[in-house]
Amino acid sequence: MSDTDTTETAAAFEPTIVAFFCNWCTYLAADLAGTSRMKYAPNARIIRVMCSGRVDPQFVFDAFAKGADGVLIGGCHPGDCHYQEGNTKALRRFTLLRRMLTDLGVEEERIRLEWISAAEADRLRDVMNEMADQIRALGPFRLPDGAVAPAAPRREEVPA
Amino acid sequence: MTAKPKVAFYWLASCGGCEEAVVDLAEDLLGVADAVDIVFWPVALDSKRADVEAMEDGEILAAFVNGAVRTDEQEEMVHLLRRKARVMVAFGSCSHMGGIPGLANLWDKEAIFDRVYRTSPTTDNPDGVVPKTEYASNGHRVTLPGFHDTVRALDQVTTVDYVVPGCAPTPNIIAAAVGALLSGDLPPAGTVLAPDVALCSECDRRDTKPDDLTITEFKRPHQIIADEDTCLLAQGLLCLGPATRAGCGALCIGANMPCTGCFGPTSSVRDHGAKAAGAIASLVGADDPEEIERILSTIPDPIGTFYRYGLPHSLLVRKRQPAGATE
């Protein structure tokens, strides 16, 4: 019984991708892809943030810890950031973050930063499809057995 | 005499520095010894596990436990002390977040045994003998505690009431914690007993930290002679002060060495290393991807830098093992 189950699960594995899209470019590209009735891999759970620079590396670790198989960050092209240089900050953090994740045994394909403008719905579709394919081939991201993350800290004070 | 509250000290996977820190209380230690009855402290007193087992549950006021949990024996002792003590205190970075021993989470038991007992240059072990949990010798059964793949912080094993942070905790922090415990004037359970602000806020050099701080090369302490009055980050040294809890009095910075993060994060941060990495990376003074890569490559070991004291306490806990690996 368990053999059959395992085979079926493996065959049916669909990756869960958490996608942080900036409000001004990549989220609009996703919107455009939708209104243009484009078909693409439905694996991403999109979270809209005001800017890719808002994506704290903690968000990415948290996504993996909570069962994501991949994380995609989408922002405006360099020079086009609504906040001047939020996407550059995202790139700086991402460069270090990717190295840390690799050191922790997370495959590079599971974490991706893409510049996708509001007009590039086709590019969004291609990135989504490609990433879903790559992660499907890698298999599920699995936290090690016995690796139980501690509870969130008790907030000691609430900022004003 | 019998009215004195009982306390216990115990060490798990640790270096002994936390025990030193208790002795570092100097003459204040005499005050502590007057006020409490130290019923269990294997490093200093001849008391045994059986003595603790013989106590009533909750008989001990507080157990101060330092060190991370990596063996079966340590886990058993943690559960025993939790039963006997009304207040469980994680003492020092290792029990708070996993500490330096927690970096072993970049490997697993097999890799560690292989290195330590087989392949390290100073090992002479032609028969490839590695520790076993049980061994029969001349008709005697000998046992050793089991060794875990994953090092854990104290709160990943049992409920922890308070944390005294630091590697090792500083005398002011220990004295304040003991004082609070004895007076009964305690904050809500789960509190880290140190100020909930970043170290920069109590650093003497904070006024020399530029508003638009950028870094074009990360330097290591041995590579430069750092100015003794200027913010270390402004001099290119990777100081974790902006992402680390205050309370130590910026001792390392006083010795012209950057903060390495032993007090852990403030309560608004979930993953110390991720937050610290985010804070430091955004200081990189470049826009071009290759230049960013080059500057960040001057940080030789990001995990060992940003998770120096807290890999087990991070969101990912440890390096991912290949699928099918057993715990």
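Descriptive notes on the structure:
- Count of segment B:250-279 residues which are within 14 Å of another protein chain (Cβ to nearest Cβ), without any contact (Cβ under 8 Å) to a residue 60 or more places away in the chain and outside any loop (DSSP other than H, G, I, E, B): 7
- Considering residues of segment B:280-299 that are among the small types (G, A, S) and free of Cβ contacts under 8 Å to residues at least 40 places away in the same chain only, the residue farthest from the other protein chains (Cβ to nearest Cβ): B:S297
- Scanning segment A:33-48 for residues that are over 19 Å from A:I135 (Cβ atoms) and in a strand (DSSP E or B) turns up just one, A:R48.
- Restricting segment A:49-71 to residues that are more than 11 Å from the chain's Cα centre (by Cα), outside any helix (DSSP H, G or I) and within 22 Å of B:Y307 (Cα to Cα) leaves a set whose member that is farthest from the other protein chains (Cβ to nearest Cβ) is A:G67.
- Verdict on B:Q223 being within 11 Å of another protein chain (Cβ to nearest Cβ) and more than 23 Å from B:D37 (Cα to Cα): no
- All positions within segment B:145-187 that are at pLDDT 95 or above and over 22 Å from B:S93 (Cβ atoms): B:P145, B:G146
- The residues listed here are B:V32, B:V89; of these, the one that is of a type in the set (V, I, T) and assigned to a helix (DSSP H, G or I) is B:V32.
- Restricting B:G264, B:G241, B:G278 to residues that are touching a helix residue (DSSP H, G or I) at 6+ places or on another chain (Cβ under 7 Å), of a type in the set (G, A, S) and within 22 Å of A:R98 (Cα to Cα) narrows the list to B:G278.
- When B:Y309 is tested against the conditions (1) surrounded by fewer than 19 Cβ atoms within 10 Å (Cβ to Cβ); (2) under 24 Å from B:I100 (Cβ atoms), the lone failure is (1).
- Within segment A:81-124, tally of residues that are of a type in the set (V, I, T), more than 7 Å from chain B (Cβ to nearest Cβ) and under 16 Å from B:K319 (Cβ atoms): 2
- Contact map, segment B:309-320: residues that are in contact (Cβ under 8 Å) with a residue 60 or more places away in the chain paired with residues that are among the aliphatic types (A, V, I, L, M) and in a loop (DSSP other than H, G, I, E, B), Cβ distance under 6 Å, separation 6+ or inter-chain. Pairs shown: B:P312/B:A153; B:H313/B:A153; B:V317/A:A147; B:V317/A:A149; B:R318/A:A147; B:K319/A:L104.
The values are calculated or read from the model by the stated rules, or taken from the named source; none is laboratory data. This is a predicted model, so every value here is computed, not measured. Note that each Cβ is placed from the backbone with ideal geometry, even for glycine, and that neighbours are counted across all protein chains shown.
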